[in-house]
Amino acid sequence: MKQENESETIHFALKAAEKHGAGAVRITYNKTKHSSYTFRNDKLDRLQQATGSSLFLQLYVNGRYGTFSTNRMERTELERFIAKSIETTKLLTEDKHRSLPDTSLCYKGGGTDLKQCDPEFSEIPSEKKIEIARMCNAEILGKDKRLLNVNSEYGDYEDHTLIVDSQGFSGTTNQTNYTVSTECSVKGKGDSRPEGWWYESSLFFNDLKTGGCGEKALERAINKLGTRKIKSGKYNMVVENTISSRLVSPIINALNGANIQQNNSFLNGKLGERVFSPLMEIYDEAHLPGEFGSRLFDSEGIATKPGPIIDQGVISTYFMNSYYSKKTGIPVTVESPSLPVCSISGQRGVSNENKLEHILRNTGKGIFVTGFNGGNTNSSTGDFSFGIEGFYFEDGSILYPVSEMNVTGNIISLWNSVRDIGNDARKASRWLIPTLSFNSVDFNGF
Amino acid sequence: MTSIQRSLHLFGVTTEELKILTDTALSKGGEYSDLFFEHSTVDELTLRDGEVNGAGSHIDYGMGVRVISGDQTGYAYTEITTMNEMTNAAKAASIIALGNKKRIPVTDITPMDFKNHYPILKSWEDSDVTSRAPFIKALNDKIFSLDHRVNKVIAKLTNSTTSILFFNSLGTLCSDERPMATLSVTVIMQDGSRVENGSSSRSYRMGSEFLTENLIDEIAQEAVNRTAILFDAGVPEGGEMSVVMGAGGSGILLHEAIGHAFEADFNRQNVSIFSDKLGKKICSSEISVVDDGTVQGNRGAVNFDDEGVAGQKTYMVTDGYLTSYLHDRISASYYKTASTGNGRRESFRYMPLPRMRATYMINGKSKEADIISSVKKGIFVDNFSNGQVQIGAGDFTFFVKSGYMIESGKLTKPIKDINIIGNGPKALADIVAVADNSYIDNGSWTCGKEQYCPVSCGMPSVLINKLTVGGLQQ
């Protein structure tokens, strides 16, 4: 999906920036194309189609820095916009830490094909897309009297990004994505209408699992019937692989260079220290072909590489872009993880049967969390509190659904009480976080 | 030149072309079509580490075409407003109506004027973005002067102007200039080895008259107070208890617990827990709840919504009865009623949906002090960060940044970082006292239902008999 005059536009913008006084500039050109088709019950409810493009400029002018964007590419207007942007930047306070990155750290090309783009993207007829959404609904329509409503959506997008900077870096990424999802509601007790959902996603159309979303969504909705709130107390907690990334994201945020430099991270000053259970490993599989998130360079052009984030509970890296690296004196890494994979230390990539059923059995009894409902984490302290829904289980067997409860604690304490990490991360996600199990967590009910 | 003429000029279209595009959109048999043109400019200024060292300007431009056939919707947008590109978008959206034999003609154009709920006294365009740097620097200095434990301040000033041109197949032609100004600050404070963070923001549909010394004082004091209290606060013991929700930001309860469930798209699809409750008593007669697009300068105000319907004040709950859902054109047609002017969208890239505006509860008769003193054991909360709801099950949550324990009718130990969860209909029915101190919180509330939309919320202090409060178990 290349725009014919894309490189001309970028070249023009680079020249215009230099002409009007920018000492250095990075330009990110992005073009996307997407479509979506939603079936509600037995008829097409919504269709959406669009293409879009934008130009994002990072300007370095006399030691000052500004970010600007526009989707208006007409030459005269673009040059006026750039000239005004540079004038604005000139009036800021000088920030000596702002500059383009060290070129020796930048991606130089020649990397392996990470298989992120489906060449057949434009060949898939809309009739086929509509049929996929329709079939998801057809799986369950008329199959259960309690079913009130079902929506299934097929969606796809193609993303093309070109980054160019004034010190010679140039990098292109192309990515496609296909998703099919179903959401349904069933009649519950009283006025309640529990919802169930499921989705599948892939980078290549032929890898998209198009069947089963409807059945899975209905099964998940029906399983919520008869939900109850149970007594407050400490319970073992198993977290489903569909939502387990919620317990990893506070850690990734806390490793972010901006939060470290701003003293707003509960992991500040912990680099190289064992903070979490030795059982825990998070590894950045930046170059795994055919997986969401794999990439050869970040948005500054800095080359990515696979490496540990948390190794046997020890903090192995912060995510430092060139700006926060200069401000903190900590070496540049990358701005964010590409494809974090969570596993038992030393077990990454090892094939075994450590999946949900096995983990529930080994955990004995507790609460199996299948949904987080709101909540937040204090970025300075790691204290968290989330609403939950799920199931109470004993001897590895699910007994009844629970809801309208909270789980509360601290991220560091929680990950020191991890008892098991599964081997069943969903491939449909950008972060590969499997089923997780924790000992004695505070749940709040009646 | 009228404002509509200026808009036509900005987007480079004529009224005749608008009619041709709408006709193309309806060519496959759609019953209704609209065109939504948008040009937005956003300026932002950031302070970090004591210096105003970040600035940005962002332009977004394009138009969307929507076609409705029954309750089905076709939507397409383009960022290039040549007739060729817009015709392609109209054709793409028209496909939703394939097979529908009806052909509705486009009605003659009726230019519409709406009451202006956000008059601009001082245009943002009259000053350069960086001329506002001293203002944001003064905010930083004020915050540092208030408490020696202040360690870092991150402040951001954002202002935007969005020009809208709207036309539909009913002939409605209108234009709008929508300003938005937001000042937000995050404060990091350190006391020994302990670090806490707090934040504050204000957001209005205003011109640069937004920038006042009072605003600096108000935000600085609030941010510091909200952070300082956390050093004395702890996580309480969790479980079910009485909750007094303080006036203002507690309106998040209305937004999450009932507001979304009253949005008529969910009810039309029979998936909301309130789907069968229209006209029925759902809570105490002391409670009336409004969703209002007419509050002057409010973040949720709309002169007209994104379907060309006038901004208005909608009573959702009147004296305890559910009196109205929040409608866009599709749901209004389904319920055979008039739209309430709640059809809103994030930008031309999105089709409109029923969305809230400024949602607030009308004053009751109780005094906040009496409400607190009536509680033997519970919590008082008035500082929140985010919320969520499950429409069908009715379970809603909101995250409490800080509050207080209530013991024997008195506010005692500060508390922090807890989630509160409840069930919408139950919580509403459990409101047993409503105070007389309602006001709208003018923070930068943003609703995330499929797409982002600026909203606001307000409340008087209320007592809810029982909610589930997050906390640690003894």
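Computed quantities for the displayed model
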item	result
Stokes-Einstein translational diffusion, chain A - Kirkwood Rh over all Cα pairs, 1.567 mPa s, 4 °C, in µm²/s	53
Sulfur and carbon atoms: percent of accessible area, the stretch A:233-444 [1.4 Å]	47
Relative contact order for chain B, counting Cα pairs under 8 Å that sit 6 or more residues apart, in percent	16
Most fluctuating residue given options A:Leu92, A:Leu339, A:Leu14, as computed from a GNM of chain A linking Cα atoms under 10 Å	A:Leu92
0 to 90° range, to nearest 10: angle between helix A:6-19 axis and chain A longest Cα axis	50
Evaluated over the stretch A:16-62, the Cα radius of gyration and Dmax, each in Å	19.8, 61
Enclosed volume per residue, in Å³, of the convex hull spanned by Cα atoms of the protein assembly as shown	158
Span per principal axis, largest first, for the Cα atoms of the stretch A:190-253 (Å)	47, 38, 19
Solvent-accessible area, 1.4 Å probe, carbon plus sulfur percent, for chain B	49
Alpha-carbon centroids, the stretch A:221-255 and the stretch B:377-391: separation in whole Å	19
GNM result for chain A, Cα springs below 10 Å: residue of A:Glu219, A:Glu123, A:Glu94 fluctuating most strongly	A:Glu123
12 Å cut-off, amide nitrogen to a point 7 angstrom out along A:Lys189 Cα→Cβ, residues in the stretch A:219-241	A:225-230
Using alpha-carbon coordinates, inclination of helix B:133-146 to the longest axis of chain B, degrees	20
Dipole of chain B [Lys/Arg +1, Asp/Glu -1 at C-beta], most positive-end residue of B:Pro105, B:Ser203, B:Phe396	B:Phe396
Amide H contacts of A:Lys365 (H built 1.01 Å from N, under 5 Å, at least 5 apart or other chain)	A:Asp395
Interface burial for B against A (accessible surface, 1.4 Å probe, total of both chains, Å², rounded to 100)	6300
Mean-position separation - Cα centroids, the stretch A:377-446 and the stretch B:392-456, in angstrom	24
Two-decimal Rg to Rh for the stretch B:160-286 - Kirkwood Rh, Cα set	1.09
Inter-chain shielding of A:400-411 (mean C-beta neighbours from other protein chains, 10 Å cut-off)	5
Between helix A:126-138 and chain A: long-axis angle, C-alpha atoms, 0 to 90°, nearest 10	20
P(r), alpha carbons of the stretch A:388-446 - 10 Å bins starting at zero, rounded %	18, 42, 38, 2
Cα pair distances exceeding 23 angstrom across the stretch B:229-330, given as percent	40
Mean shadow area of the stretch B:349-474, taken as a quarter of the surface of its Cα convex hull (nm²)	8.9
Charge dipole (chain B, unit charges on Cβ, about Cα centre) - positive-most of B:Thr172, B:Gly422, B:Ile68	B:Gly422
Kirkwood Rh (inverse of mean 1/r, distinct Cα pairs), the stretch A:1-90, angstrom	14.8
For the protein assembly as shown, accessible area per residue (1.4 Å probe, heavy atoms of protein chains only), Å²	37
Alpha-carbon radius of gyration plus Dmax, which is the widest Cα pair, for chain B in Å	23.8, 74
The stretch A:22-97 - percent of accessible surface contributed by carbon and sulfur, probe 1.4 Å	46
Per-pair calculated FRET efficiency, R0 = 45 Å: A:Glu357 and B:Ala338 via Cβ, rounded to 0.05	0.25
Other protein chain Cβ atoms within 10 Å, averaged over every residue that makes up A:363-376	4
Simple label model, 7 Å out from Cα along Cβ direction - B:Lys376 to A:Asp113, nm	7.3
Rg(Cα)/(2.2 N^0.38 Å) for the stretch A:126-235, N = residue count	1.52
Cα Rg, Dmax (largest Cα-Cα span) when computed across the stretch A:280-405, Å	18.7, 54
For the stretch A:3-222, Kirkwood radius (reciprocal of mean inverse C-alpha pair distance, Å)	20.6
Whole-Å semi-axes of the stretch A:233-444's equivalent ellipsoid (Cα gyration tensor)	30, 19, 14
Listed residues A:Ser397, A:Ser181, A:Ser104, most fluctuating in chain A (Gaussian network, C-alpha, under 10 Å)	A:Ser104
Average beta carbon contacts from partner chains per residue of B:394-402, 10 Å cutoff	6
Modelled FRET efficiency - R0 25 Å, A:Tyr392 with A:Asp42, Cβ distances, 0.05 increments	0.10
Separation in nanometres of the label points that stand 7 Å from Cα toward Cβ, at A:Ile124 and B:Lys313	5.0
Percentage of interatomic Cα-Cα distances in the stretch B:1-79 larger than 15 Å	67
Spacing of the two label points (7 Å from each Cα toward its C-beta) at B:His9 and A:Lys365, in nm	7.7
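The values are calculated or read from the model by the stated rules, or taken from the named source; none is laboratory data. The structure presented is a predicted model; accordingly, all values stated were derived computationally and were not measured. Cβ sites come from the backbone with ideal geometry, for glycine too, and all protein chains shown count toward neighbours. These accessible areas exclude ligands, DNA and RNA; they are computed on the full protein's heavy atoms, side chains included. Shrake-Rupley method; radii C 1.70, N 1.55, O 1.52, S 1.80 Å.
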